[in-house]
Amino acid sequence: MPLLRELPLTQIKQSGAEKLSVQLKREWPEVTAGLYVFFFINTPALNGDGDIRDNNKKREKPVVLAGGASVKPGKFEQSLWQRIHNYEKHLHVLEHDQSQRWRFRESIEFGWVFDLSGKAVEGKPAALVFEKFWVAAANKFMKDKKLLVDFQRFRAEWRHVSLALTTDEALRNEFREYMEACAKTILKFVAIANRL
């Protein structure tokens, strides 16, 4: 069985009837901690010429450039649905009158989730312990495959990438297999640490 679970986006994008966080709270309540890789697009048809911004901090920063794409690996320690709910509240574009238009549902293209619920190393959540390794591994793959665009507005985890990940299924599958191997390595380390 694969270690990475695919976010159930098809129903959300087609129906628009409920938020992804609501669906995950109902269907994946057991997923309380883990690591993820999310892929976002910001096509001109979606948002005109505006960057998608994150208002999680006092100073908003562009996270998905206009006409571009971004990959966001990271962790969650409370629940997956709450992590998704934060994205639903924070990702937006600015209208001409400076009002915010929310863009999570339209911009997320795919997402993989590695469930580490209940797993710990020396009393610390495994998701917290292995987040830096996870992010560095994802960045290495993207750098080695020359997916990073020349112009990067570096944030801790967001990376602006080539749109090839939306069209090249073989490349996407290779990325998933690579992150699956990273997940297996993490589980081995967790098992070793808990035997000591």
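Values quoted throughout were computed directly from the atomic coordinates according to the rules given, and no laboratory measurement underlies them. Quantities reported herein were computed from a predicted structural model and do not represent experimental measurements. Cβ placement follows ideal geometry from the backbone for every residue including glycine, while neighbour counts extend to all protein chains displayed.
Annotations
- Selection from Tyr178, His160, Asn139, by position along the positive dipole direction of segment 126-196 (Cβ): Asn139
- Within-14-Å neighbourhood charge of Arg5 [Cβ basis; K, R +1; D, E -1]: -3
- Cut-off under 5 Å, modelled amide H: who pairs with Leu116 long-range: Ala33, Gly34, Leu35
- Those lysines that a straight Cα-Cα span of less than 23 Å connects to Lys184, excepting residues fewer than 8 apart in one chain: Lys72, Lys75, Lys119, Lys124, Lys132, Lys140, Lys143, Lys145
- Put simply, the amide H of Val161, placed in the peptide plane, has neighbours under 5 Å in Ala69, Ser70, Val71, Val149, leaving out anything fewer than 5 places away on its chain.
- At an R0 of 22 angstrom, the distance between the Cβ atoms of Thr166 and Ala136 translates into a FRET efficiency of 0.40.
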